[in-house]
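First the structure, in the form of structure tokens, and then the observations on it.
The values are calculated or read from the model by the stated rules, or taken from the named source; none is laboratory data. Predicted model, so just to flag it, every value in this text is computed and none were measured. Quick reminder, even Gly has a Cβ in these numbers, built from the backbone with ideal geometry, and neighbours come from all protein chains shown.
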Amino acid sequence: MLSPFLVLFWHFQIAARWDWGEFLWALKNSIWQGFWSGVLSCIGGLWLALGLIFCENRFSRWFNFNIFFLLPNFLPNLFVLIGLMSLIDPFPIGSIGVVIVHAFINFGLCGVILKEVMKAKLSKLSDVSFILGSSQWHFYSRVLWPLIRKDILQVFFLVFVTTFSSFAIPLVVGGGKGINLEILIFEKMKIYNDWSTAVLISGIQSLLLFAFSLVNFNATTVVDVNPHLQSRFLESRLSFYLFFFLYLVFFYSYFSGVWEGISSWADFELYSDEIKSGIIGTLIIAIGVGCGIFALLMAITRLHHTNWFHRFLNGYVAPSTALIGFAFLVIGPNTSLYILAKIILGLALSYVIYLYKMGYGNYLIELQRYKEKASLLGASDNLTFWKVIFPLTHKRMFLYSGIAAFWASGDYSISKMIANRDISLALLSETFLSHYRIGFSSLLSFILLVLGLVVFLAFRGVQIVVSRKINY
Amino acid sequence: MQHFIIFIFSIFFVLVLSFFNRKSVVDETQKTLRVYGYSSFTSKLGPGYDLKKKFEQICNCRVEFVEAADSGVLLQRIKLEGATLGADLVIGLDQYDLQKALSEINWRKLDFSQLEIDEIIRPALSNSYFVPFDWGVIAFVGRKEDPLPAPKSLKDLLKPVYKNKIALMDPRTSSPGMQFLSWVYDAMGKDEGEKYLEQIMNQAHSFSPSWSTAYGFFSKRQVSYVLSYLTSPLYHQMIENNHSIEAFKFSEKHPIQFEFAGIPLDCKECSLAEEFINLMLSDEGQKVIMNKNFMFPVIKSAQVGTPFESLAQFNHLAQFKIPSVSDVDFLIKSWTSIRRGDKNAK
């Protein structure tokens with residue numbers, strides 16, 4: 001995990017060029033943007049979770065709306081901005097605009113996570129509350145909030161960390177006064193060529209977030225093997241239809257661009273070799289990252305014995321993607337197979353921490369009691385892992401591997417730094433964008449989404465097979 | 001579990017083999033010319049692909065393009081890989097990158113003073129290490145059918161009717177953005193220029209990190225005007241058969257942007273690099289660059305009989321000079337200060 005930092009600190013000698021004024025100013029902006037993005041995302045996500053529960057109880061047989069609401073999280077930033085600017089006109093430029101964009105991108109993620117938390121913790125309590133004559137407000141304030149407030153804080157921290165270290169969105173809509181630490185790092189690298197200060201700021205940023213994470217808001221996770229949730233207290237028809245409409249308007253703008261791209265079908269034949277190569281490259285990166293994440297999660301699960309390890313993983317923040325990319329560029333040769341391996345490793349290292357914070361860490365903490373019971377009964381570590389822990393964790397491992405594969409299919413930042421040509425569809429899409437071809441770029445980004453979805457479903461398919469094999 | 005691992009590795013192996021199974025046969029005895037540039041040049045959409053094919057036919061060598069995200073990464077990459085793999089030619093630096101490039105890497109001296117070029121290009125040859133291969137005129141671009149009155153000057157852009165209608169670029173991350181900054185200071189001077197920039201902060205729709213993002217907003221009709229090039233409408237006319245896009249002539253003289261090529265001193269295939277530059281500057285090479293980049297060629301004869309010829313008559317141009325380190329430093333620091341809302345730019 002620490003290897004990118006170690007490489008960068010070794011490569012760039014730390015020079016004494018430090019400006020406290022600009023650092024504190026950027027830190028203030030980072031905290032402000034991260035805080036309000038987290039708050040808005042959690043509020044919206046909580047409400048959306050109620051809508052997702054409503055639709056899961058009625059429509060899940062026909063369509064998985066989780067994926068629908070998660071899509072803004074995976075689209076390229078330009079298309080998210082264009083979609084939002086169609087929704088909100090005039091769009092507020094500045095820190096407020098940054099918060100709005102981040103909140104919109106993270107509504108789906110927060111909603112899906114909180115929906116799962118509600119399913120796991122409240123599967124029966126809501127029915128019991130209703131039968132005992134509790135009012136909805138009473139249920140929310142006395143049952144729901146006490147049980148899931150730490151989970152909400154956990155989700156808040158997840159969004160806070162992501163938006164704290166966000167780069168592209170503040171750069172486009174932040175206005176000049178919205179410069180955060182990531183933009184400061186970028187300024188140091190690109191404008192002042194001061195890579196050593198950039199690395200130092202990135203290191204301090206990670207340390208600050210790590211210190212913040214030491215605050216104990218670790219939520220307890222109930223391990224409910226077959227959660228079922230059907231409750232009038234936790235379903236919200238209004239929430240579902242409102243968010244669905246909002247997202248439809250957003251996607252209309254995106255898909256109108258995709259449709260425009262279909263009209264330039266002739267470009268497909270002209271660039272068929274590059275597109276085929278991009279598709280294969282994207283699949284390699286996606287599958288590679290998925291497998292890498294699976295291996296890393298297996299290793300983390302196997303080594304997860306102590307609380308300090310959990311706190312380290314929960315608090316650690318990988319350096320900015322530009323610096324990760326550069327750290328891997330510096331290590332080893334930059335030809336053919338090595339480039340793919342570096343991209344896969346770089347992405348896996350930057351995603352695994354994020355996935356760990358998404359709930360996997362807390363889940364492992366809860367499984368400690370099973371480990372202790374097995375140990376008391378005389379089982380070895382190996383036996384405990386393969387016969388007790390792995391059957392309980394494999395579904396989440398495959399899910400997170402699939403999610404990571406989906407993210408990796410659309411990666412641009414790390415790939416751009418390491419690759420020496422357009423090896424994936426994401427890079428190709430950006431190249432088309434820089435040649436006036438926004439329609440075709442939209443079409444490529446849509447194909448990319450489909451590929452990511454295919455890989456995600458492949459991991460889910462393998463998970464089903466493995467579950468059957470271990471009879472779980 | 002074992003079956004899963006075998007299954008995934010099989011798929012992975014097949015994909016990797018397909019990825020590296022190239023049609024072209026690589027002759028290991030052939031010399032390889034390593035060219036560093038941006039994807040806009042080196043990709044099939046850019047001129048690099050056609051130039052590479054033409055060059056490989058005549059040189060009995062292989063051309064390998066290495067892309068980089070921006071000039072900072074490009075120069076770092078050359079420093080990392082140049083000694084071992086070789087960095088023979090660098091393409092795509094603009095006048096604001098030259099001083100940084102000179103301070104980071106040693107370059108071979110080039111002499112193209114005998115080139116038959118337009119007098120507009122002559123100032124770009126004033127340095128000894130980089131040669132220009134195309135150029136463009138910075139201008140605002142809009143739609144003819146837009147109900148708003150066409151702006152006629154930089155000062156017009158501050159009128160209330162244009163609020164949130166203009167897409168600009170951040171000069172820290174985009175070359176046209178830097179050109180805009182320079183345009184303002186050259187036209188208005190330091191004090192007036194700073195006041196203007198403070199006002200344009202609140203007037204513009206956005207300051208995108210790249211030209212492509214800003215042009216994306218314009219293409220999707222989020223804005224009415226975008227900072228681009230005089231030749232941008234030609235793309236829409238020639239490729240999309242769309243004649244509704246036009247570039248506006250401002251009362252302030254328009255800045256010029258040049259793109260340069262240079263040969264690092266540590267090149268392994270230095271003579272091949274010079275021959276490649278010669279191809280780029282030939283009539284044939286210049287036509288390829290012109291038609292792919294939609295920028296003016298440096299060799300005048302290349303644009304004869306093309307839609308670029310009439311546009312090249314545009315003579316309301318600012319005097320070109322290669323900015324010094326202190327010039328670039330001033331521009332960046334003043335922009336950063338104004339963006340942050342500091343009263344006095346450092």
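Take the range B:119-140 and flag every residue that is within 20 Å of the chain's Cα centre (by Cα) and charged (D, E, K, R). Please lay out each step first, then the result.
In the first step, residues of the range B:119-140 are kept if they are within 20 Å of the chain's Cα centre (by Cα); the result is B:120-127, B:129-140.
Answer for the range B:119-140, where residues must be within 20 Å of the chain's Cα centre (by Cα) and charged (D, E, K, R): B:122, B:134.
With a cut-off of at least 1 residues that are modelled with pLDDT of 85 or more, within 23 Å of residue B:285 (Cβ to Cβ) and more than 8 Å from every other protein chain (Cβ to nearest Cβ), name the helices (runs of 4 or more DSSP H) lying wholly within the range B:3-99. Steps first, please.
Details: elements: B:39-42, B:48-59, B:71-81.
Answer list for the range B:3-99: B:39-42, B:48-59.
Tell me, which residue of the range A:378-428 that is under 19 Å from residue A:446 (Cβ atoms) and of a type in the set (D, E, K, R) is surrounded by the fewest Cβ atoms within 10 Å (Cβ to Cβ)?
Filtering first and then ranking leaves A:411.
Go through B:323, B:233 for me and flag whichever is touching a residue at least 60 places away in the same chain (Cβ under 8 Å), within 18 Å of the chain's Cα centre (by Cα) and surrounded by fewer than 23 Cβ atoms within 10 Å (Cβ to Cβ).
It is B:323.
Residue-by-condition table, conditions (1) farther than 26 Å from residue B:38 by Cβ; (2) touching a residue at least 12 places away in the same chain (Cβ under 8 Å):
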residue	(1), (2)
B:114	yes, no
B:119	yes, no
B:125	no, yes
B:133	no, yes
B:157	yes, yes
B:172	no, yes
B:176	no, yes
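Could you list, in sequence order, all residues of the range B:307-335 that are within 25 Å of residue B:250 (Cβ to Cβ) and of a type in the set (Ser, Thr, Tyr)? Before the answer, list the steps.
Applying the first criterion (within 25 Å of residue B:250 (Cβ to Cβ)) to the range B:307-335 yields B:307-323, B:327-328, B:330-332, B:334-335.
Of everything in the range B:307-335, those that are within 25 Å of residue B:250 (Cβ to Cβ) and of a type in the set (Ser, Thr, Tyr) turn out to be B:310, B:334.
Here is a list: A:233, A:217. Which entry is outside any helix (DSSP H, G or I), at pLDDT below 80 and buried (at least 21 other Cβ atoms within 10 Å of the Cβ)? Spell out the reasoning first.
Numbers: A:217 fails: buried (at least 21 other Cβ atoms within 10 Å of the Cβ).
Checking each option against the conditions leaves just A:233.
Residue A:391 versus (1) within 13 Å of chain B (Cβ to nearest Cβ); (2) within 22 Å of residue A:344 (Cβ to Cβ); (3) of a type outside the set (S, T, N, Q); (4) in a helix (DSSP H, G or I): which is the lone unmet condition?
Of everything listed in (1) within 13 Å of chain B (Cβ to nearest Cβ); (2) within 22 Å of residue A:344 (Cβ to Cβ); (3) of a type outside the set (S, T, N, Q); (4) in a helix (DSSP H, G or I), residue A:391 misses just condition (2).
Which numbered condition trips up residue B:207, out of (1) crowded, with 21+ Cβ neighbours inside 10 Å; (2) more than 20 Å from residue B:124 (Cα to Cα); (3) away from every other protein chain (no Cβ under 14 Å)?
(3)
Does residue A:300 satisfy the condition of being modelled with pLDDT of 85 or more and within 21 Å of residue A:411 (Cα to Cα)?
Values: modelled with pLDDT of 85 or more: yes; within 21 Å of residue A:411 (Cα to Cα): no.
No.
For the list (1) more than 30 Å from residue B:78 (Cβ to Cβ); (2) away from chain B (no Cβ under 14 Å), I need the number of the one condition that residue A:410 fails.
Just one mismatch for residue A:410, condition (1).
What helices (runs of 4 or more DSSP H) lie completely within the range B:261-346 and have 2 or more residues being aromatic (Phe, Trp, Tyr)? Don't jump to the end; show me each part of the working.
Numbers: elements: B:270-280, B:283-293, B:307-311, B:325-340.
By residue number, B:325-340.
Could you figure out which of (1) in the same structural domain as residue B:229 (by TED's automatic domain parsing); (2) touching a Leu at 6+ places or on another chain (Cβ under 9 Å); (3) not in a loop (DSSP other than H, G, I, E, B) isn't true of residue B:157?
(2)
Would you say residue B:183 is within 10 Å of chain A (Cβ to nearest Cβ), crowded, with 20+ Cβ neighbours inside 10 Å, within 17 Å of residue B:257 (Cα to Cα) and aromatic (Phe, Trp, Tyr)?
Values: within 10 Å of chain A (Cβ to nearest Cβ): no; crowded, with 20+ Cβ neighbours inside 10 Å: yes; within 17 Å of residue B:257 (Cα to Cα): yes; aromatic (Phe, Trp, Tyr): yes.
When the stated conditions are applied, residue B:183 does not pass them.
Residue B:229 fails exactly one of the following numbered conditions: (1) closer than 21 Å to residue B:327 by Cβ; (2) within 14 Å of another protein chain (Cβ to nearest Cβ). What is the number of that condition?
Only one criterion is unmet by residue B:229, namely (1).
So, of the residues in the range B:266-318 that are under 16 Å from residue B:47 (Cα atoms) and of a type in the set (Lys, Arg), which turns out to be surrounded by the fewest Cβ atoms within 10 Å (Cβ to Cβ)?
B:287
Being within 14 Å of another protein chain (Cβ to nearest Cβ), buried (at least 20 other Cβ atoms within 10 Å of the Cβ), within 29 Å of residue A:88 (Cα to Cα) and touching a residue at least 12 places away in the same chain (Cβ under 8 Å): is that true of residue B:201 here? Show your work before the answer.
Details: within 14 Å of another protein chain (Cβ to nearest Cβ): yes; buried (at least 20 other Cβ atoms within 10 Å of the Cβ): no; within 29 Å of residue A:88 (Cα to Cα): yes; touching a residue at least 12 places away in the same chain (Cβ under 8 Å): yes.
So residue B:201 does not fit the description; no.
Conditions (1) modelled with pLDDT under 70; (2) of a type in the set (S, T, N, Q); (3) part of a helix (DSSP H, G or I), marked per residue:
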| position | (1), (2), (3) |
| --- | --- |
| A:17 | yes, no, no |
| A:24 | no, no, yes |
| A:30 | no, yes, yes |
| A:49 | no, no, yes |
| A:78 | yes, no, yes |
| A:85 | no, no, yes |
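How many of the residues in the range B:56-71 are more than 30 Å from residue B:171 (Cβ to Cβ) and within 22 Å of the chain's Cα centre (by Cα)?
At the first step, the residues of the range B:56-71 found to be more than 30 Å from residue B:171 (Cβ to Cβ) are B:56-64.
Filter once more, so that each one left must be within 22 Å of the chain's Cα centre (by Cα): B:63-64.
The number of residues fulfilling the criteria is 2.
Report yes if some residue within the range A:304-311 is under 24 Å from residue A:201 (Cβ atoms) and either modelled with pLDDT under 70 or surrounded by 24 or more Cβ atoms within 10 Å (Cβ to Cβ) (or both); otherwise report no. Before the answer, list the steps.
Taking the range A:304-311 first, the residues under 24 Å from residue A:201 (Cβ atoms) are A:311.
Cutting the leftovers down to either modelled with pLDDT under 70 or surrounded by 24 or more Cβ atoms within 10 Å (Cβ to Cβ) (or both) gives us A:311.
Yes: one or more hits.
Which of (1) β-branched (Val, Ile, Thr); (2) assigned to a helix (DSSP H, G or I); (3) closer than 21 Å to residue A:287 by Cβ; (4) touching a residue at least 60 places away in the same chain (Cβ under 8 Å) is the odd one out, the single condition residue A:450 does not satisfy?
If we test residue A:450 against (1) β-branched (Val, Ile, Thr); (2) assigned to a helix (DSSP H, G or I); (3) closer than 21 Å to residue A:287 by Cβ; (4) touching a residue at least 60 places away in the same chain (Cβ under 8 Å), just (4) comes out false.
Just one of B:75, B:93, B:168 is farther than 25 Å from residue B:42 by Cβ and touching a helix residue (DSSP H, G or I) at 6+ places or on another chain (Cβ under 7 Å); which is it? Even if it seems obvious, please write down each step before you answer.
Values: B:75 fails: farther than 25 Å from residue B:42 by Cβ; B:93 fails: farther than 25 Å from residue B:42 by Cβ.
The match here is B:168.
Have a look at A:351, A:338, A:363 and point out the one that is of a type in the set (Phe, Trp, Tyr), buried (at least 22 other Cβ atoms within 10 Å of the Cβ) and assigned to a helix (DSSP H, G or I). Working first, answer last.
Details: A:338 fails: buried (at least 22 other Cβ atoms within 10 Å of the Cβ); A:363 fails: buried (at least 22 other Cβ atoms within 10 Å of the Cβ).
That would be A:351, the only listed residue that is of a type in the set (Phe, Trp, Tyr), buried (at least 22 other Cβ atoms within 10 Å of the Cβ) and assigned to a helix (DSSP H, G or I).
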